[in-house]
Amino acid sequence: MEISSQTTQTGTPTVASEAQTQLGLDLDNFLILLTAQITNQDPLEPMDSTTFVSQLAQLSQVEQAITTNDNLERLGQQLASSNEFSDVQLIGREVVLASDKLDLSSGQAQIQYELSEEAQQVSINIIGLNGDVIKKITGLPEAAGVRQTVDWDGLSAAGLQVADGAYKFEIVAVNSELDPVSYQSFAVTHVEELAFRNGQPTLLLRNDQEVSSGVILAVR
């Protein structure tokens, strides 16, 4: 007759739980050894109990330390869980993050950028779903180290209103020698949902990005 076995997964044991298991084994072995020595001791020369009392005290101290560590681990897990669900408060809020994807909603979008050095010319290319530039915004601020904000009314180069949604954009900046100037771009969007990806809290944004709350630079 074949006997099948089933294993139930109860999660990864903590360091404290593993130490507690080992301590239990050590204590059992100690009591077995103590019982054997007492049983086989010479009645005329009984053993000194001081050593055993000292060892029991040491085991007791170890047990107390393990219990303390276990409590600290549980507290850490509770705090981590609390922090994860604190992201719920971001749902529906406007946020700013480093990104090259703008959020056009109700015909309005906001783009931010910061130049690494002063530029001679700065413009923004807004890219459509097919990869073509549907709008170029020119004559933008050229100062370095300042986060600039640019509003887009959702109109294409032909003056037509484009559909709401997420669009990529790029900053085109050159210095007086027409060399490219590096920059950091930012998007202003909204948090639509909190999801869990592989157990990690993830914010689903209206500009189609999925990010952790740690990359959010500002909340409005």
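Annotations
- Any hit, segment 103-110, residues being among the acidic types (Asp, Glu), within 17 Å of ASP208 (Cβ to Cβ) and surrounded by 12 or more Cβ atoms within 10 Å (Cβ to Cβ): yes
- Selection within segment 138-179: residues that are more than 34 Å from the chain's Cα centre (by Cα) and acidic (Asp, Glu). The member of this set that is nearest to ALA98 (Cα to Cα) is GLU142.
- Condition check for SER213: hydroxyl-bearing (Ser, Thr, Tyr), over 18 Å from ALA109 (Cβ atoms) and either crowded, with 17+ Cβ neighbours inside 10 Å or not assigned by TED's automatic domain parsing to the domain that holds GLN110 (or both): yes
- When residues of segment 114-149 are limited to those that are among the β-branched types (Val, Ile, Thr) and more than 15 Å from LYS168 (Cβ to Cβ), the one surrounded by the fewest Cβ atoms within 10 Å (Cβ to Cβ): THR138
- Count of residues meeting criterion [β-branched (Val, Ile, Thr), touching a Ser or Thr at 6+ places or on another chain (Cβ under 8 Å) and under 27 Å from ILE216 (Cβ atoms)] in segment 125-145: 1
- Against the conditions (1) touching a helix residue (DSSP H, G or I) at 6+ places or on another chain (Cβ under 9 Å); (2) crowded, with 17+ Cβ neighbours inside 10 Å, VAL219 satisfies every one except (2).
- Selection of segment 133-164 for residues being in contact (Cβ under 8 Å) with a residue 40 or more places away in the chain and not aliphatic (A, V, I, L, M) yields ASP151, TRP152, ASP153, GLY154, GLN161, ASP164.
The values are calculated or read from the model by the stated rules, or taken from the named source; none is laboratory data. Given the structure is predicted, the values throughout are model-derived calculations rather than measurements. Backbone-built Cβ (ideal geometry, glycine too); neighbour counts: all protein chains shown.
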